[in-house]
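Quick one: this structure, given as structure tokens, is what I'll be asking you about.
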């Protein structure tokens, strides 16, 4: 990041290659739209390139990058009004598809997971996506969400427990 601040284009390319796929995956899951995720990916990296106030502590770059991306995704969703409609639509699908009328109406595993994710509280869903899609550590997730590390761990635990209960009904006490 220090080299990027000095104007080293190769250093920026290296950062982009290292983090863009994970960040893109996170943004696709956060927005539900590839085109929006592509826009936000570029906006996020441009913001990082332009930001001169970032503290260059070791290990802090992933948290900084994902915080920038998360804020941009939330702002875009709020501005477009799509976030609330998308979550409500998925929650409605979970309620109506709980007892499908025919085998054709059965949710696929992927749809079930997406429905379960949509039903989670936003902070829990975001923590899970940051961990599983972006590959961030508990410490980095805590920094992105601006919470203590224990809270990040708790959110992940609750998110996983809730999804497990949805995917494996009757196995609430399964490890």
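Nothing in this text is a laboratory measurement; each read-out follows from the coordinates by a stated rule. Bear in mind the structure is a predicted one, so any value in this text is a computation, not a measurement. Using ideal geometry, Cβ is built from the backbone for each residue, glycine included, and neighbour counts are taken over all protein chains shown.
Of 50, 38, 33, 140, how do they rank once you tally other Cβ atoms within 10 Å and put the fewest first?
Ascending number of Cβ neighbours within 10 Å: 50, 38, 33, 140.
Another question, then. As a footprinting exposure proxy, order 46, 1 by other Cβ within 10 Å, with the fewest listed first.
On the way: 46 11, 1 17.
Arranged by neighbour count, lowest to highest, 46, 1 become 46, 1.
When the C-alpha atoms of segment 1-80 are aligned to their principal axes, what extent does each axis show, in angstrom, from largest down?
36, 22, 20
Also, I was wondering about something else. Please arrange 26, 16 by how many other C-beta atoms lie within 10 Å of their C-beta, fewest to most. Please report the intermediate quantities before stating the final value.
On the way: 26 28, 16 17.
Lowest count first: 16, 26.
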